[in-house]
2 protein chains.
Amino acid sequence: MKNLMKKGNTIFFKNAPRITSYAAICGSKEKIGVIGEFADITLDDDMYGETTYEKAECKMLANAIALAIEKGGYKEDDIDVLLSGDLLNQIISASFAARKFNFPFLGVYNACSTMSESMMLGAMMADAGYVKRAVAATGSHFASAERQYRYPLELGCTRPPQSQWTVTGAGGCVISSDGDGVKITSATMGRVCDYGVTDVNNMGAAMAPAAAATIIQHLKDTGTRPTDYDMILTGDLGALGSRIVKDLTWEKGFDISSRHVDCGEIIYKVIESEFQGGSGAGCSAVVLNSYVLTKMSSGLYKRILFAATGALLSTVSSGQGESIPCISHAVELEY
Amino acid sequence: MKNLMKKGNTIFFKNAPRITSYAAICGSKEKIGVIGEFADITLDDDMYGETTYEKAECKMLANAIALAIEKGGYKEDDIDVLLSGDLLNQIISASFAARKFNFPFLGVYNACSTMSESMMLGAMMADAGYVKRAVAATGSHFASAERQYRYPLELGCTRPPQSQWTVTGAGGCVISSDGDGVKITSATMGRVCDYGVTDVNNMGAAMAPAAAATIIQHLKDTGTRPTDYDMILTGDLGALGSRIVKDLTWEKGFDISSRHVDCGEIIYKVIESEFQGGSGAGCSAVVLNSYVLTKMSSGLYKRILFAATGALLSTVSSGQGESIPCISHAVELEY
């Protein structure tokens, strides 16, 4: 038996796999915000030349994957595996995107924490020498998510103030066992947390306890303090959820307030009385694979904890009266 | 950079992680077949004391996981991670089952190949020293699958002869870096194959090319012949799909006919003019984690290639005119 490279729920990567390339595509509403100038492709029309929202979502994801490969100077043959999933039933965006490539595909799903989950698995595979290069990618589309999870846009339903806006966008990165780039030094696997929230319009409140649990677990396992990181980046808690995660970690003796940034909070200009910000698997995928990795590569940030969060519900589970189990996986990035 | 432990799409496990425990639960129709006497729990009522089919499915999966842990003499604290997924939208069976345990959860989804996908990832994590013990598990339920993918049972729709029967059952195993049991010596990652089949009642035909591609890839990567294996076990191709996979591999110069067994073909007594046998993520999960691993542990089989197959469609993708992309991942088992 080999020595265990794990402490608590955190896995340490001795060979520090690198993010050697990344790419992001975002929609027309996302383009206006902070990530607009950092995304590789910004859409004017969220249909992206397709006939359905689902096909547009799949095209964004496939193109983000292809672009990440191309930007790294790689060819399709250089990639050993794709790790991807998305919010659509049976992760069809990822599966149909994978059909376009000739490398193997491992489907993953932890809702909006799919970006950090796929990065974690990709880092494990590259670190252990199972693959040279893995692509981790995910995405989402506002219109396909609305009609699957809530109401078709054509119905014109009113959105409650605690709701978030599913990001139209996709992002992906190439994780390599060699080359230059941001290093993945450790990863903390999340456990399912369920505080009994049943309001499907209040994902931020449901997911905040999972984010807090994983961030605290990571800090304990690694023996670090929040101030050791330039940024503790959550996925899509939104404005309300961000306040809750700061409270929950503070209660346990970890003050993350000076370091915490939420992708959902920064992707749009948030007016909290109107809505809470961005959500969806594409939210953290786009922010990480555009603004964050670009700023890290330029030396602005040296160490970031990226903890994307996912709400593991479905319309069936909510319809049957269940509360919302949530999860958060974290990867530690260094440059 | 470490030495690559991969050839082609096959990963080799130097430390040969072991399946130290396994468990299976099956429904009332499955109980009558060959696996009835090997499953740990067989249901008389497929509702399993729950109020909905989905809750029954989740309960089966959670209990199969708990039983696999218990049968190995483990406690919950001995398990480092759960790798699981299922056919329900947003893999709610796996997510809600994971809620019952205090170890981390990584959601995976490749339809009915989820059993071999999760075993492959668990073997990687145990082999590399990231975890001591991982649980790989999946399941399905006839009634929840029918109403999600086709029609609610209450409608009484007629089934076409090329259709398969989604297995009611769940199975799981503990993959350890130490202890005794069947060894996982290698794993072949599958690529998405799509031969343009659009008939959602003919999954066997859609999935057979993916199974053939992965089996051939495995034989090439490992330099083995079909007769080097006591059994080449596919997941749920059914009677028609099994004939196609034998033809497709034979055409490429690999005659697997003397070694091929399909879980979907053996789980029920198949009358091909009526229906094609079992399917669903639970099909291969139950057959592997009852009959196959028991017979292997008794020395009857020494070497098995387990290649579960998945159809990566959804009702939305089919409704939008798409064909059915399929995938198959294989793990090599030795005792």
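The values are calculated or read from the model by the stated rules, or taken from the named source; none is laboratory data. Please read all numbers here as calculations on a predicted model, not as lab measurements. All Cβ positions, glycine included, derive from the backbone under ideal geometry; neighbour counts span all protein chains shown. Side chains are part of the model used for accessible areas, which takes the heavy atoms of the whole protein and leaves out ligands, DNA and RNA. Shrake-Rupley method; radii C 1.70, N 1.55, O 1.52, S 1.80 Å.
See the values below:
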item: Reachable aspartates and glutamates from B:K59, criterion Cα separation under 12 angstrom, eight or more residues apart if same chain; result: B:D46, B:E50
item: Long-range HN-HN contacts of B:E50 with modeled amide H, under 5 Å; result: none
item: Extended-chain gain in nm, criterion 0.36 nm per residue less alpha-carbon gap, B:S28 and B:E70; result: 12.8 nm
item: Cut-off 11 Å between beta-carbons: net charge of the residues surrounding A:S279, Lys and Arg +1, Asp and Glu -1; result: -3
item: Area of B:R243 that stays accessible when all protein chains are in place (1.4 Å probe, Å², to 10); result: 130
item: In segment B:260-335, the GluC sites (Glu not before Pro) that fall in loop regions by DSSP, at most 16 other Cβ within 10 Å; result: B:E272, B:E274
item: Karplus-derived HN-Hα couplings along segment A:147-158 (A = 6.51, B = -1.76, C = 1.60, θ = phi - 60°), whole Hz, x at Gly and Pro; result: 6, 7, 9, 10, 10, x, 4, 4, 6, x, 5, 7
item: Cα-centred dipole magnitude for chain B, charges only on beta-carbon of K, R (+1) and D, E (-1), debye, nearest 20; result: 840
item: Too-long pairs where the Cα-Cα distance tops 27 Å, listed order kept, from A:K75/B:K220; A:K6/B:K14; A:K71/A:K132; A:K14/A:K100; result: A:K14/A:K100
item: Segment B:122-265 - charge dipole about Cα centre, Lys and Arg +1 at Cβ, Asp and Glu -1, debye rounded to 20; result: 140
item: Normalised contact order of chain A, rounded percent, pairs of Cα under 8 Å and 6 or more residues apart; result: 25
item: Proximal charge balance of A:D77 [Cβ under 12 Å; K/R count +1, D/E count -1]; result: 0
item: Under 5 Å, built H, 5+ apart or other chain: amide partners of A:M5; result: B:Y130
item: Relative contact order of segment A:111-230, pairs being alpha-carbon contacts under 8 Å that are 6 or more residues apart, as %; result: 24
item: Tensor-based shape of segment A:79-138 (alpha-carbon gyration tensor, a/c under 1.5 rounded, otherwise prolate or oblate); result: oblate
item: For A:P160, inter-copy label distances in nm, listed shortest first [label point 7 Å out on the Cα-Cβ vector]; result: 4.3
item: Cβ-Cβ FRET estimate between A:T224 and B:S273, R0 fixed at 56 Å, reported to 0.05; result: 0.30
item: Among A:L237, B:Y301, A:Y268 - extreme Cα towards positive end, dipole of the protein assembly as shown, charges at beta-carbon; result: B:Y301
item: Using a 7 Å Cα-to-Cβ projection, B:I41 label spacings across copies, nm, ascending; result: 4.8
item: Amide H within-cut-off set for B:L312, under 5 Å, with H built and near neighbours excluded; result: B:C326, B:I327
item: Which of A:K6, A:K269, B:K295, B:K220 is most accessible, then next, and so on - probe 1.4 Å; result: A:K269, B:K220, B:K295, A:K6
item: Around A:S257: net Lys/Arg minus Asp/Glu count, Cβ-Cβ under 11 Å; result: +1
item: Dipole of segment A:31-103, positive direction: furthest Cα of A:C58, A:I35, A:Y48, with charges on the beta-carbon; result: A:C58
item: Label-point gap, in nm, between A:T158 and A:E50 - each point 7 angstrom along Cα→Cβ; result: 3.3
item: In sequence order, calculated HN-Hα J values of segment B:93-106 (Karplus, 6.51, -1.76, 1.60; Hz; x Gly/Pro); result: 4, 5, 5, 6, 5, 4, 4, 7, 10, 9, 9, x, 10, 10
item: Shape category assigned to segment A:143-262 from the gyration tensor of Cα positions, a/c cut at 1.5; result: oblate
item: Phi to ³J(HN,Hα) by Karplus 6.51 cos²θ - 1.76 cosθ + 1.60 over segment B:70-78, Hz, x for Gly, Pro; result: 5, 4, x, x, 9, 10, 4, 5, 7
item: Helix-only CD estimate at 222 nm, as mean residue ellipticity for chain A, using -39500 (n - 2.57) per DSSP H run (n ≥ 4); result: -9500 deg cm²/dmol
item: Among B:M115, B:A126, B:S144 the positive-end extreme of the charge dipole of segment B:78-146 (Cβ point charges); result: B:A126
item: Cα-centred dipole magnitude for segment B:192-335, charges only on beta-carbon of K, R (+1) and D, E (-1), debye, nearest 20; result: 380
item: Calculated FRET value between A:W250 and A:D180, using beta carbons and R₀ = 35 Å, to 0.05; result: 0.40
item: Rounded if a/c under 1.5, otherwise prolate or oblate - segment A:172-226, Cα gyration tensor axes; result: oblate
